[in-house]
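The values are calculated or read from the model by the stated rules, or taken from the named source; none is laboratory data. Quantities reported herein were computed from a predicted structural model and do not represent experimental measurements. Backbone-built Cβ (ideal geometry, glycine too); neighbour counts: all protein chains shown. Side chains included, ligands, DNA and RNA excluded: accessible areas come from the protein's heavy atoms. Shrake-Rupley method; radii C 1.70, N 1.55, O 1.52, S 1.80 Å.
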Amino acid sequence: MGAAGETISIDQARRIALTAQGFAEPRPGRVDARHLRRVIERIGVLQVDSVNVVCRSHYLPLFARLGSYSRTTLDRMCWGADRELFEYFWAHKASLIPLSSYPLFRWRMRAAERQDWGPAADLDPALTAPWSVVTGMRRLTAERPGYVDDVLAVVTERGPVTAGEANPDGVRRKRTDPDPDPSTGKMWNWQDAKIAIEYLYCTGQVTIAGRRNFERLYDLTERVLPPQPELSAEEARRDLVRISARTLGVATARELCGQGGGHFPLPRATANQVIGELVDAGELVPVRVAGVPQQSYLWSAAEDRPVQARALLSPFDTLIWNRDRTHRLFDFFYRISIYTPAAQRMHGYYVLPFLLGDRIVARVDVKADRRNSALVVPTVTAEDGVPGIVEPLKAELDLMARWLELDRVLVTADGKLGRALSRA
């Protein structure tokens, strides 16, 4: 791979990243499906998470960039008859992805169908399927041959169904029964029907047809999604890295497609090969970002534009989901606190970083109290040396409350900023 290239400042890199993510553009007035479509294409994926403290996480990145919009419209795009998105696990985490990207994952689905998760395989087992599927399928293949086919037959006959409804014999382990595989952990020691249907989902034989109370409903892919073209694995990998590069603007190899940090993780040797091909084609430009020791790559069409953003960011927003990158670009050390014991939380439970201009200036703990129709702010913490936060943060909280159809914002936070925000 070529030399380091020119050096750009961290301020330039931050603006490039924000521009790539859509934050350099003003929010539109009236938002329709075209705006949603454009943002989703721009950021590549919407991560799905079950946490519902404010609202489901996949709604928040669109609000951050567009302001108020119809969540019903997004639901139709995700799970309606003419859906434009599909769900898949191998895009950073479980995510909603534009349907046009479906062919880019077929090579992974075929690898999962072959169960290529042995150490001799070219594919990293952690990237081929969730660990609970890998270990579960190893056990089911040995202990219950034919079971996966029985689960597929239930889906074929009765779909769409939940994982529990897909159980062909009704046998379930009790909570008091020992876990078949202690290495997977209690949370991921799934029932056999769940393992089988998630394996079928990894292989593309079934897909998520919808959700019932946010629980997945599975059906045959051919009954849910239109036919998709075939691409070679090489073509698909290049397109995946292209998407990542376009949505990030400037990034290291690990941020582009590395384990634990990339949009679409690839084995290291494969990632280096694809990045080299895109550099040779002039689509990626090697650069150095001041203060970042690793080689970085600039998307050839990336722009450095002024950014006057105002947004509360979901912990699962593509702008900040790589915490190390967030720390480098924004000098902002951020970790989600929902899994941290209460006594050890520093800034609250469901903390949303507050983006103002091109900097992250505060941490806002937010909760939707639907019973009392209030958007509650139990904790708010400003970054050091950042003035003028109160009025723009008040405006953003008011906007969020109206979007969530809540009657008021209730600031219970203590401290200087909390008291000033409460008065405002």
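Please state which one of 193, 209 is farther than 30 Å from residue 294 by Cβ, outside any helix (DSSP H, G or I) and either at pLDDT 95 or above or among the small types (Gly, Ala, Ser) (or both).
Answer to the selection: 209.
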In region 305-315, what residues are crowded, with 21+ Cβ neighbours inside 10 Å and either modelled with pLDDT under 95 or in a loop (DSSP other than H, G, I, E, B) (or both)?
313, 314, 315
Need pairs with beta-carbon distance below 8 Å; first residue of a type in the set (Val, Ile, Thr) and within region 329-343, second open to solvent by 40 Å² or more (accessible area, probe 1.4 Å); sequence gap 6+ or separate chains.
338/349
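Do you know which of the residues in region 37-60 that are assigned to a helix (DSSP H, G or I) and touching a Leu at 6+ places or on another chain (Cβ under 6 Å) is least open to solvent (accessible area, probe 1.4 Å)? Break it down into steps so the answer makes sense when it comes.
Of region 37-60, the ones assigned to a helix (DSSP H, G or I) are 37-43, 57-60.
Narrowing the set further to residues that are touching a Leu at 6+ places or on another chain (Cβ under 6 Å) leaves 39, 58.
Details: 39: 19, 58: 1 Å².
The extreme case among them is 58.
Looking at region 352-370, can you tell me whether even one residue there is over 23 Å from the mean Cα position of the chain (by Cα), modelled with pLDDT of 95 or more and not small (Gly, Ala, Ser)?
We begin by selecting, within region 352-370, every residue over 23 Å from the mean Cα position of the chain (by Cα); these are 357, 369-370.
Checking the rest, the ones that are also modelled with pLDDT of 95 or more come to 357, 369-370.
If we keep only those that are not small (Gly, Ala, Ser) as well, we get 369-370.
Yes, region 352-370 has at least one match.
Against the condition hydrophobic (A, V, I, L, M, F, W, C), at pLDDT 90 or above and either touching a helix residue (DSSP H, G or I) at 6+ places or on another chain (Cβ under 6 Å) or surrounded by 14 or more Cβ atoms within 10 Å (Cβ to Cβ) (or both), how does residue 163 come out, does it pass? Don't jump to the end; show me each part of the working.
Numbers: hydrophobic (A, V, I, L, M, F, W, C): yes; at pLDDT 90 or above: yes; either touching a helix residue (DSSP H, G or I) at 6+ places or on another chain (Cβ under 6 Å) or surrounded by 14 or more Cβ atoms within 10 Å (Cβ to Cβ) (or both): yes.
Yes: the conditions hold for residue 163.
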Looking at this structure, is residue 361 surrounded by 17 or more Cβ atoms within 10 Å (Cβ to Cβ) and touching a Leu at 6+ places or on another chain (Cβ under 6 Å)?
no
Scanning region 111-136 residue by residue, the ones that are loosely packed, with under 14 Cβ neighbours inside 10 Å and either touching a Cys at 6+ places or on another chain (Cβ under 8 Å) or modelled with pLDDT of 85 or more (or both) total 1
Of (1) surrounded by fewer than 23 Cβ atoms within 10 Å (Cβ to Cβ); (2) modelled with pLDDT under 95; (3) within 20 Å of residue 88 (Cα to Cα); (4) not small (Gly, Ala, Ser), residue 263 satisfies every one except (1)
Are any of the residues in region 218-239 buried (at least 22 other Cβ atoms within 10 Å of the Cβ), within 17 Å of the chain's Cα centre (by Cα) and either closer than 26 Å to residue 50 by Cβ or not charged (D, E, K, R) (or both)?
no
Can you tell me how many residues within region 131-184 are of a type in the set (Ser, Thr, Tyr) and more than 23 Å from residue 111 (Cβ to Cβ)?
3
Among the residues of region 170-186, is any part of a helix (DSSP H, G or I) and in contact with an Asp or Glu (Cβ under 6 Å, 6 or more places away or on another chain)?
no
(1) open to solvent by 30 Å² or more (accessible area, probe 1.4 Å); (2) assigned to a helix (DSSP H, G or I); (3) within 30 Å of residue 230 (Cβ to Cβ): which one isn't true of residue 81, the others all being true?
(2)
How about region 180-204: which of its residues are farther than 22 Å from residue 221 by Cα and open to solvent by less than 20 Å² (accessible area, probe 1.4 Å)?
184
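Please state which one of 349, 339, 334 is open to solvent by less than 20 Å² (accessible area, probe 1.4 Å), of a type in the set (Phe, Trp, Tyr), part of a loop (DSSP other than H, G, I, E, B) and at pLDDT below 95.
Details: 349 fails: open to solvent by less than 20 Å² (accessible area, probe 1.4 Å); 339 fails: open to solvent by less than 20 Å² (accessible area, probe 1.4 Å).
Only one candidate qualifies: 334.
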In region 364-398, the residues that are among the hydrophobic types (A, V, I, L, M, F, W, C), open to solvent by less than 30 Å² (accessible area, probe 1.4 Å) and either assigned to a loop (DSSP other than H, G, I, E, B) or farther than 25 Å from residue 325 by Cα (or both):
368, 374, 375, 376, 377, 389, 397
So residue 69 fits all but one of (1) farther than 30 Å from residue 133 by Cβ; (2) within 19 Å of the chain's Cα centre (by Cα); what number is the exception?
(2)
So which pairs qualify, if the first residue must be in region 197-209 and within 23 Å of residue 82 (Cα to Cα) and in contact (Cβ under 8 Å) with a residue 24 or more places away in the chain, the second must be acidic (Asp, Glu) and in a strand (DSSP E or B), the Cβ gap must be under 9 Å, and the two must be at least 6 apart or on different chains?
201/87; 206/219; 207/87; 207/219; 208/87; 208/219; 209/219
